[in-house]
């Protein structure tokens with residue numbers, strides 16, 4: 001899966017509090033941040049302007065991702081490279 005990085009700053013107090021909660025609860029800091037972002041996206045997605053058809057596609061896509069049905073960027077690149085080689089061979 002192609003992953004993107006986000007860098008952000010916390011105050012010392014925010015970091016200590018977050019680190020304490022994660023340590024005491026046994027959470028991975030990265031995993032907890034991912035979970036918080038996913039929750040936020042699900043909550044805020046309703047405020048995004050989209051047509052009914054687009055919403056259906058979005059909901060369908062979310063269900064597929066939750067069920068592990070997705071293609072990584074590396075798989076996509078390999079598929080394009082394979083098609084490019086096949087295209088050259090057929091000329």
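The values are calculated or read from the model by the stated rules, or taken from the named source; none is laboratory data. Owing to the predicted nature of the structure, the values given are computational and were not obtained by experimental measurement. Methodologically, a virtual Cβ is constructed for each residue, glycine included, from the backbone with ideal geometry; neighbour enumeration extends over all protein chains shown.
Scanning for something closer than 30 Å to residue 78 by Cα and part of a helix (DSSP H, G or I), does the stretch 21-31 turn up at least one residue?
Yes, the stretch 21-31 has at least one match.
Among the residues of the stretch 45-59, which ones are surrounded by 10 or more Cβ atoms within 10 Å (Cβ to Cβ) and in a helix (DSSP H, G or I)?
Within the stretch 45-59, 45, 54, 55, 56, 57, 58, 59 meet the criteria.
Considering only residues that are surrounded by 10 or more Cβ atoms within 10 Å (Cβ to Cβ) and part of a loop (DSSP other than H, G, I, E, B), which ones fall in the stretch 9-20? It would help to see each step written out before you state the result.
At the first step, the residues of the stretch 9-20 found to be surrounded by 10 or more Cβ atoms within 10 Å (Cβ to Cβ) are 10, 14-20.
Selection gives 10 alone.
Check off (1) at pLDDT below 85; (2) exposed (fewer than 11 other Cβ atoms within 10 Å of the Cβ); (3) part of a loop (DSSP other than H, G, I, E, B) for residue 42 and give me the number that stays unchecked.
Among (1) at pLDDT below 85; (2) exposed (fewer than 11 other Cβ atoms within 10 Å of the Cβ); (3) part of a loop (DSSP other than H, G, I, E, B), residue 42 violates only (3).
Could you give me the residue pairs with C-beta distances under 6 Å whose first residue belongs to the stretch 8-22 and is closer than 13 Å to residue 33 by Cα, whose second residue is modelled with pLDDT of 95 or more and surrounded by fewer than 10 Cβ atoms within 10 Å (Cβ to Cβ) wherever it lies, and which are 6+ apart or on separate chains?
Between residues of the stretch 8-22 that are closer than 13 Å to residue 33 by Cα and residues that are modelled with pLDDT of 95 or more and surrounded by fewer than 10 Cβ atoms within 10 Å (Cβ to Cβ), there is no close pair.
Can residue 71 be described as out of contact with any strand residue (DSSP E or B) (no Cβ under 6 Å at 6 or more places or on another chain) and part of a loop (DSSP other than H, G, I, E, B)?
Criteria met by residue 71.
What are the residues in the stretch 21-37 that are over 19 Å from residue 7 (Cβ atoms) and surrounded by 10 or more Cβ atoms within 10 Å (Cβ to Cβ), if any?
21, 23, 27
Yes or no: residue 6 closer than 30 Å to residue 75 by Cα and surrounded by fewer than 10 Cβ atoms within 10 Å (Cβ to Cβ)? Explain how you work it out, then say what you get.
On the way: closer than 30 Å to residue 75 by Cα: yes; surrounded by fewer than 10 Cβ atoms within 10 Å (Cβ to Cβ): yes.
Against the criterion (closer than 30 Å to residue 75 by Cα and surrounded by fewer than 10 Cβ atoms within 10 Å (Cβ to Cβ)), residue 6 qualifies.
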